[in-house]
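FYI, it's all coordinate maths here, none of it is from the lab. All of these numbers come straight from a predicted model, not from anything done at the bench. In this analysis, Cβ positions are derived from the backbone assuming ideal geometry, glycine residues included, and neighbour counts consider all displayed protein chains.
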């Protein structure tokens, strides 16, 4: 079962209020002043915003159901057709003639690259795509917070939201198990959608993700020819310290 193929119809509804990262990427794109590549561009939230601000942007998304929604979002902004391109492709194999001033791996995307060989393969490709002086931005959770949490495998209510197309209420729940040796978390997501007659449709979808610590990520980046320049604990510029929610890393060539 492909995780994003299954949850694509819920994705924009679930993240309708997510915008805290946009100003950060906007400032970084303006600072870098050149083409932007978004790896794991999903339904186009970040790519479209940067293109609306005048940047030339390309997005790579492997899941057809997600990129279909991204292209529908793009169709609502016909003025962007010469400034924004979406590729339905695997970032590990796609051939891109362009070179970029900024590459973004947003919101947990890098966690789907589970093994060191594929992590290095992707980072080395990014190094080849970056212009001299180019930057890579990664947004990941603070692994320390997950590792400090006691495992229960209980079902937890994460959020409720309205599915934008149907107006149905959806209760999103999760159950997870963390392998602290392999740094892998197995998460089972449950989406309970309440229909107009009160009927409940449950969608169950598992996914496995890899948690990164800063020292590990630093070594991966250095092995790929990139150097960590800045690390933040959230998108407001909070220092990366114990207890912060995120690990936002900017690396440079």
Review point. Just checking, which of 197, 182, 193 is over 21 Å from residue 107 (Cβ atoms) and buried (at least 16 other Cβ atoms within 10 Å of the Cβ)?
Key: 193
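Each row is one residue, and each column tells you yes or no for (1) in contact with a strand residue (DSSP E or B) (Cβ under 8 Å, 6 or more places away or on another chain); (2) surrounded by 22 or more Cβ atoms within 10 Å (Cβ to Cβ); (3) in a helix (DSSP H, G or I); (4) in contact (Cβ under 8 Å) with a residue 12 or more places away in the chain.
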site	(1), (2), (3), (4)
19	no, no, no, no
27	no, no, yes, no
42	yes, yes, no, yes
47	yes, yes, yes, yes
51	yes, yes, yes, yes
59	yes, yes, no, yes
65	no, no, yes, yes
74	yes, no, yes, yes
87	yes, no, no, yes
Review point. When you go through (1) loosely packed, with under 15 Cβ neighbours inside 10 Å; (2) without any contact (Cβ under 8 Å) to a residue 24 or more places away in the chain one by one for residue 175, which number turns out not to apply?
Key: (1)
